[in-house]
1. Restricting the first residue to region 1-19 and requiring it to be at positive phi, which pairs with a second residue that is among the small types (Gly, Ala, Ser) meet a Cβ separation below 7 Å and a spacing of at least six or different chains?
2. For region 6-37, what are the residues that are part of a strand (DSSP E or B) and touching a Phe, Trp or Tyr at 6+ places or on another chain (Cβ under 8 Å)?
3. Can you tell me which residue within region 38-74, out of those that are outside any helix (DSSP H, G or I) and of a type in the set (Asp, Glu), is farthest from ILE6 (Cα to Cα)?
4. I want to confirm something. Restricting to region 29-74 and keeping residues that are in contact (Cβ under 8 Å) with a residue 12 or more places away in the chain and over 16 Å from the mean Cα position of the chain (by Cα), which single residue is nearest to GLU8 (Cα to Cα)?
5. Which of the residues that make up region 13-41 are touching a Gly at 6+ places or on another chain (Cβ under 6 Å) and either surrounded by 17 or more Cβ atoms within 10 Å (Cβ to Cβ) or modelled with pLDDT under 95 (or both)?
6. Residues of region 1-12 being exposed (fewer than 15 other Cβ atoms within 10 Å of the Cβ) and not polar (S, T, N, Q), which ones?
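The values are calculated or read from the model by the stated rules, or taken from the named source; none is laboratory data. Quick caveat, the model's predicted, so the values are computed rather than measured. FYI the Cβ positions are ideal-geometry reconstructions off the backbone, even for glycines, and counts take in every protein chain you see.
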Amino acid sequence: MHYTIITESHEKGGFTARCVEIPGARGHGSTQGEAIARIKEEIEQVRQAQNAELHSIIASVHSEIIKIEVADSA
């Protein structure tokens, strides 16, 4: 997946990275690269939490997700 990251440099040093698609997700670091690495970790944690919540919801309503393939008609 692709995410939009905004980085900001601070007058006293360091950087903050924010993810546009995930409000509240932030990464901080002494360099821009460090801040980006931390926001990547934050995004992964959010995605794992969302997946866990989705699986919990599916289990609670006794639903099932099934993937199927449909051939093109020629």
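1. Filtered contacts from region 1-19: GLY13/SER30; GLY14/GLY29; GLY14/SER30.
2. Once the filter is applied, which keeps residues that are part of a strand (DSSP E or B) and touching a Phe, Trp or Tyr at 6+ places or on another chain (Cβ under 8 Å), region 6-37 yields THR7, GLU8, SER9, CYS19, HIS28, GLY29.
3. Restricting to residues being outside any helix (DSSP H, G or I) and of a type in the set (Asp, Glu), the top hit is ASP72.
4. Per the criteria, the residue is GLN32.
5. Within region 13-41, PHE15, ALA17, ALA35, ARG38, ILE39 meet the criteria.
6. Matches in region 1-12: MET1, HIS2, TYR3, ILE6, GLU8, HIS10, GLU11, LYS12.
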